[in-house]
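Inspection log for the structure reproduced underneath, given as structure tokens.
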Amino acid sequence: MRPRLQSAARARWVTRGAALVLVGAGFLAIFSEAPAGLDPSGCSLERSLVPPSFPAHVFGYDLQGCDLLVLTMAGTRNSLLVGVLATILALAVAIPVGTTAGFAGGWVDGLVGRLVDLVTALPIILIGLVVLSGLDDRGVLLVAIVMAIAAWPIYTKVIRAATSRESEQAHVDAARALGASRSRLLVRHVMPGSIGSVIAVIPATIAFTIGAEALLSFLGAGLQLPDVSWGVLLAEAQRYIRQAPHLMLPGLFLLVVTGALVVVGEAARVRLPD
Amino acid sequence: MTLGSFARRRVLQALVTLLALTLVVHAGISLIPGDPVRALFGFVPPSPAELAELRARYGLDQAYPVQYLSYLTQLVQGNLGVTISFTPQPVSTVVGASLPTTAILIGVGLLLQLTTAYGVTVLSMFRRSRLVSALTWWVAVAATAAPVIFTAWALRSFFTLGYQGLDWFPYPFDGTPDAYVLPLIALVAMLAGPVVLLFRSELLDTLRSTFTRFAVASGHSELRIVAVHAAKASAGPVIAYLGASLGYLLTGVVIVESVYDIPGVGNLILDSVARRDRAVVVGGVLIISVFAILGGMVADIVAAAVDPRIRLEGDAPR
């Protein structure tokens, strides 16, 4: 009797479906303007908090009488933007720092290691909450910077480990023996093998970032109206949930997109070599 | 390197991390706009003389480096300072009063995280059922993906009377065991999800190895092979993940405390941030970070004890 062997990732169609969801969300983020959003002409206070009706207004209306589905679709842009911006910023720090630490070794490596440990131990999102709540003008970039500060140690760890492993490969020694300069060794021989390792970590980190944006906005320290994001909509919902439970529906978008990111991340983690 | 010297080095590193932590949090709170003394007076503006006197009493009139150094000198002597209020109390008393509730959330949360993750993972492995395997995977993905703030809030809305939900659990928090149920569910969902996904894929790798075939040939039962032999061999990366994710656990505790109005350290920190009461914020963050750093240290040392390769390389797995 032996345990059934199975793949750690789900069947291929699940991953494909998740990828499709992400493409759809990206499409929404690019093309869905906020027409009825906070444009008074598209909303009517007469419809304030009207519950969902099928099939025309599946999400119902918010306090201002705007169609909640339209608002949620419009919020996709800021929610995804925070995730993507934070990832780009975090990678911009993590790739040079992690590569240097892994390649140079010695005290540089030790210093980076301690710094990463320190930031990992700090509840960054809470500190971000503290700092952001002291500021009046909180835009997407500012929130993304806080997320990037929380995310860079994860990437740095992964890149450091991969660089250190790659530097010990025979082909790197061979290039060194042939007289390649340090920078050539790094760029042509080490980095091509080490950068890929970070890809598997990206989707889950974006999911975390999108959730953290919702958290900050929910607690009143993230984005704020007239900027719309899923977090902002949920923060609004929090106040009137009693009269209008349908205000929780934007959470569906949040769950489906973060879920899809986790599925894609799992597939990448299992299939890519680490 | 022996296990002893590995452990000593790890302890030293933890102390340095704690020291840096005090500076980051202390300076961070001091840098953001807002005046703790002015905040005491609400809408009635104090006279400049009163302000100056109170500032001097709390040492806020000195240059920042002096303020930090005097805080540090106190801290080394085991003194966390006093709260900024009209009736100052020692920070240790204030934090101490809210610590038990938080300790229950952290302790029980961690315990449930480990048992749930282990149970669900083993369950997903050894029954030859596609349905169970698929179901556990989807649940783990959902738990990983759902932001804890959303889970906690949705549970509160559905299952407490506070928001016209079902009257199954008390809200606001009253300290009874019932009141801990929903916060712990939200916490454990967020914590156990990623562990199940990681443990599951490590286990599957192990089960493909020849050593599993040997165990099967030796006649061990399926349950024993999965739950004991393979689980032990797959534990390394999982322990490393658990150690590194303690900060995540603490953030989760603070969020859950805030959603359920639980009078713990997390809420104390959030309130004190609003009042810019630096000593309380630093004290609270320090106390919960000690949990995280100690936990990370224990995880590294346990991993080194389990796997000699780690201490031979002289560094913890990253």
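The values are calculated or read from the model by the stated rules, or taken from the named source; none is laboratory data. Values in this document were obtained by computation on a predicted structure and should not be read as measured data. Quick reminder, even Gly has a Cβ in these numbers, built from the backbone with ideal geometry, and neighbours come from all protein chains shown.
Looking for something surrounded by fewer than 22 Cβ atoms within 10 Å (Cβ to Cβ), in a helix (DSSP H, G or I) and in contact with an Asp or Glu (Cβ under 9 Å, 6 or more places away or on another chain) - is there at least one such residue anywhere in the stretch B:151-174?
Yes; the residues of the stretch B:151-174 include at least one that is surrounded by fewer than 22 Cβ atoms within 10 Å (Cβ to Cβ), in a helix (DSSP H, G or I) and in contact with an Asp or Glu (Cβ under 9 Å, 6 or more places away or on another chain).
Could you tell me whether any residue of the stretch B:88-109 is within 14 Å of chain A (Cβ to nearest Cβ), surrounded by 14 or more Cβ atoms within 10 Å (Cβ to Cβ), within 30 Å of A:VAL263 (Cα to Cα) and not aliphatic (A, V, I, L, M)? Before the answer, list the steps.
Let us first name the residues in the stretch B:88-109 that are within 14 Å of chain A (Cβ to nearest Cβ), namely B:102, B:106.
Now narrow it down to the ones that are surrounded by 14 or more Cβ atoms within 10 Å (Cβ to Cβ): B:102, B:106.
Imposing the further condition that a residue be within 30 Å of A:VAL263 (Cα to Cα) reduces the set to B:106.
Subsequent filtering for residues that are not aliphatic (A, V, I, L, M) retains none.
No: zero hits.
Could you check B:THR251 against (1) away from chain A (no Cβ under 11 Å); (2) under 26 Å from B:ILE185 (Cβ atoms) and say which number it fails?
With respect to (1) away from chain A (no Cβ under 11 Å); (2) under 26 Å from B:ILE185 (Cβ atoms), B:THR251 is out only on (1).
Look through the stretch A:129-143, keep the residues that are in contact (Cβ under 8 Å) with a residue 60 or more places away in the chain and more than 10 Å from chain B (Cβ to nearest Cβ), and return whichever of them is surrounded by the fewest Cβ atoms within 10 Å (Cβ to Cβ).
Residue satisfying both the conditions and the ranking: A:GLY139.
Applying the selection to the stretch B:260-280, what residues are under 21 Å from B:LEU72 (Cα atoms), over 16 Å from the mean Cα position of the chain (by Cα) and at the interface with chain A (Cβ under 10 Å from one of its Cβ atoms)?
Scanning the stretch B:260-280 gives B:SER272, B:VAL273, B:ARG276.
Select from the stretch B:71-120 the residues that are β-branched (Val, Ile, Thr) and farther than 27 Å from B:ALA179 by Cβ and list them in ascending order. Show your work before the answer.
Here is the first cut: in the stretch B:71-120, the ones β-branched (Val, Ile, Thr) are B:73, B:76, B:82-84, B:87, B:91, B:93-95, B:101-102, B:104, B:106, B:108, B:115-116, B:120.
Listed by number, the residues that qualify are B:THR73, B:VAL76, B:VAL82, B:ILE84, B:THR87.
Based on this model, can you work out whether A:THR120 counts as crowded, with 20+ Cβ neighbours inside 10 Å and among the polar types (S, T, N, Q)? Spell out how you get there, then give the answer.
Values: crowded, with 20+ Cβ neighbours inside 10 Å: yes; among the polar types (S, T, N, Q): yes.
Spelling it out, A:THR120 is indeed crowded, with 20+ Cβ neighbours inside 10 Å and among the polar types (S, T, N, Q).
Examine the stretch B:129-142 for a residue that is touching a Pro at 6+ places or on another chain (Cβ under 9 Å), crowded, with 20+ Cβ neighbours inside 10 Å and over 30 Å from A:ILE206 (Cα atoms), and state whether such a residue exists.
No, every residue in the stretch B:129-142 fails to be touching a Pro at 6+ places or on another chain (Cβ under 9 Å), crowded, with 20+ Cβ neighbours inside 10 Å and over 30 Å from A:ILE206 (Cα atoms).
So which pairs qualify, if the first residue must be in the stretch A:169-197 and within 14 Å of A:PHE103 (Cβ to Cβ), the second must be among the basic types (Lys, Arg), the Cβ gap must be under 7 Å, and the two must be at least 6 apart or on different chains?
Note: pairs meeting the criteria are A:LEU185/A:ARG176.
Just one of (1) over 22 Å from B:LEU249 (Cβ atoms); (2) touching a Leu at 6+ places or on another chain (Cβ under 8 Å); (3) not in a helix (DSSP H, G or I) trips up A:SER217, so point out which.
(3)
Within the bounds of the stretch B:75-94, is there any residue that is touching a Gly at 6+ places or on another chain (Cβ under 6 Å) and of a type outside the set (Asp, Glu)? Step through it out loud before you land on a result.
First, the residues of the stretch B:75-94 that are touching a Gly at 6+ places or on another chain (Cβ under 6 Å): B:80, B:91.
Filter once more, keeping what is of a type outside the set (Asp, Glu): B:80, B:91.
The answer is yes; a qualifying residue exists.
Can you pull out the residues in the stretch A:90-101 that are surrounded by fewer than 19 Cβ atoms within 10 Å (Cβ to Cβ) and in contact (Cβ under 8 Å) with a residue 12 or more places away in the chain? Walk me through it before giving the result.
Filtering the stretch A:90-101 down to residues surrounded by fewer than 19 Cβ atoms within 10 Å (Cβ to Cβ) leaves A:92-93, A:96, A:100.
Hits for the stretch A:90-101 are A:VAL93, A:THR100.
How about the stretch B:118-158: which of its residues are more than 26 Å from A:ILE210 (Cα to Cα) and more than 10 Å from chain A (Cβ to nearest Cβ)?
Listed by number, the residues that qualify are B:TYR118, B:GLY119, B:VAL120, B:THR121, B:VAL122, B:LEU123, B:LEU131, B:VAL132.
To keep it simple, each residue is scored yes or no on (1) surrounded by fewer than 24 Cβ atoms within 10 Å (Cβ to Cβ); (2) over 15 Å from B:ALA303 (Cα atoms).
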position: B:LEU223; (1), (2): yes, yes
position: B:ALA233; (1), (2): yes, no
position: B:ILE239; (1), (2): yes, no
position: B:GLY243; (1), (2): yes, no
position: B:VAL253; (1), (2): no, yes
position: B:SER258; (1), (2): yes, yes
position: B:ASP261; (1), (2): yes, yes
position: B:LEU270; (1), (2): yes, yes
position: B:ARG275; (1), (2): yes, yes
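When you go through (1) modelled with pLDDT of 75 or more; (2) more than 28 Å from B:GLY296 (Cβ to Cβ); (3) aromatic (Phe, Trp, Tyr) one by one for A:TRP107, which number turns out not to apply?
So A:TRP107 meets the others, but not (2).
Go through the stretch A:237-250 and give me each residue that's part of a helix (DSSP H, G or I), in contact (Cβ under 8 Å) with a residue 12 or more places away in the chain and in contact with a Pro (Cβ under 9 Å, 6 or more places away or on another chain).
A:ALA237, A:HIS246
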